[in-house]
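The values are calculated or read from the model by the stated rules, or taken from the named source; none is laboratory data. Everything numeric here is computed off the predicted structure, so don't read it as measured data. Note: ideal-geometry Cβ built from the backbone for every residue, glycine included; neighbour counts use all protein chains shown.
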Amino acid sequence: MIRVVLPAHLRALARIDGEVQLDVAGKVTQCSVLDALEERYPMLRGTIRDHNRGPRRAFIRFFACEQDLSHEDPDIPLPGPVAAGAEPYLIVGAMAGG
Amino acid sequence: MSGVRVLVGTRKGAFVMTSDGKRDEWDISGPHFAGWEIYHIKGSPADPQRLYASQCSGWSGQVIQRSDDGGVTWKPVGNEFAYDGTPGTHQWYDGTPHPWEFERVWHLEPSLDDPDTLYAGVEDAGLFRSTDGGQQWQELPALRGHKSGPSWQPGAGGMCLHTIILDPARPGRMYAAISAAGAFRSDDAGETWRPINHGLQSEGIPDPDAEVGHCVHRIAMHPSRPGVLFMQKHWDVMRTDDAGETWHEVSGNLPTDFGFPIDVHAHEPDTVYVVPITSDAEHFPPEGKLRVYRSRTGGDEWEPLTNGLPQEHCYVNVLRDAMAVDALEQCGVYFGTTGGQVYASADAGDSWAPIVRDLPAVLSVEVQTLP
């Protein structure tokens, strides 16, 4: 089970309370996590990355395990603690936004 | 007694305000979509319970919301606005070529007779249509693809398509206005377009009376006389009597002819409202006095309307989509300010009172007249 934390404005849009828990089949990558997230919450399509697995929106950042993953290849595996559900994958609105 | 529903978009959410025909007591709901910019909300003329809202943020881009119960509940619909083909370039602020990039939806214009059909005017300027209640959007590419497209440039607010007017008497005829390109007309439901800017004069472009390049801020039409249009340009208030073929200036005795919104009385096609703003640099009313100006002669002769509006130390702006009229017997007029006030007049502008005073900056105001 992958844990995902969304910023407040996207939790409101998708009507989510707290963390999201996702089953991700196969390799756990940023791309596969976002695929699963958008599958469950279609209204999030286009709000985190562009449509059709496009690039990350400029004012959205991805963090996990105290690392900034925003510029990592979206198809490489996420850190082990995220894949194991011990640590959440954080989708964050950039400090400059809002 | 019939009533009204005022739909207000702000920098940080949407508000829905309802009243009976007296329009002196208001129920206010909101903020809906708190924290998001709401550029525009508009109801379907064919089904007043069907509303559409353009919701966006710098973080997460564009969302379109739809309500089927008059704004009590909402659900997100489609938000994919993909330009047709490979977009070319337009002029950037400095005159260099810049690729077309979707930024946001400025204006939503529901069809006059089908609640599931609506148009969206977007930044960078383009026109989209949905025929399934906002789920899917397709560009009408002939407008952006007009041969003048590479010469269009942004106004201070961005290169936005902000005005869409559907002609109720001639199916297929529609108008669009773009800042800063000008006004355009289609007579075949958006399949082809041509500029309609003859008579406009603008500083800030190399050829002041060029066919394209004018910073049109807003156009208004009375449905009973669709060939007559009124325009608030960057500077100048203009009028056409031949569906845009030629324009002439009707600024007359206005204290300044710079401004953003313009609207027409619901029952008097020659009664027009504007809000003069000092200048392109000073986006606030002259002398710190918030005055709506009304012409009852179709322009040229204007009277200030001040009763109930602040007449000292007022330095707000009224943006282009932030004025509307209702269709009750005694026409109501509404506008919102960048200071967060929404003012209403239940007597065609003779007197005003705030519905609310302290909202986030108001981006748009629409009103529905309810049975």
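Listed values, structure above:
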| read-out | value |
| --- | --- |
| Some residue of the range A:65-78 being within 14 Å of chain B (Cβ to nearest Cβ), surrounded by 20 or more Cβ atoms within 10 Å (Cβ to Cβ) and closer than 30 Å to residue B:65 by Cα | no |
| Options B:228, B:212; residue that is touching a helix residue (DSSP H, G or I) at 6+ places or on another chain (Cβ under 8 Å) and buried (at least 16 other Cβ atoms within 10 Å of the Cβ) | B:212 |
| Residues of the range A:1-39 satisfying the condition of being more than 14 Å from chain B (Cβ to nearest Cβ), charged (D, E, K, R) and assigned to a helix (DSSP H, G or I) | A:35, A:39 |
| The range B:68-98, residues that are touching a residue at least 60 places away in the same chain (Cβ under 8 Å) and either within 14 Å of chain A (Cβ to nearest Cβ) or assigned to a strand (DSSP E or B) (or both) | B:83, B:89, B:90, B:91 |
| For residue A:46: the one exception among (1) on the phi < 0 side of the Ramachandran plot; (2) within 10 Å of chain B (Cβ to nearest Cβ); (3) modelled with pLDDT of 95 or more | (1) |
| Scan of the range A:49-62 for residues that are surrounded by 14 or more Cβ atoms within 10 Å (Cβ to Cβ), more than 11 Å from residue A:30 (Cβ to Cβ) and more than 9 Å from chain B (Cβ to nearest Cβ), ordered by number | A:61 |
| Pair list, Cβ under 6 Å, 6 or more apart: the range B:156-171 residue more than 17 Å from residue B:364 (Cα to Cα), other residue of a type in the set (Gly, Ala, Ser) | B:159/B:125 |
| Strands (runs of 3 or more DSSP E) contained in the range B:274-371 and holding at least 3 residues in contact (Cβ under 8 Å) with a residue 12 or more places away in the chain and among the polar types (S, T, N, Q) | B:362-370 |
| Scope the range B:99-115; condition over 20 Å from the mean Cα position of the chain (by Cα), free of Cβ contacts under 8 Å to residues at least 60 places away in the same chain and either closer than 20 Å to residue B:77 by Cβ or not in a loop (DSSP other than H, G, I, E, B) (or both); matching residues | B:99 |
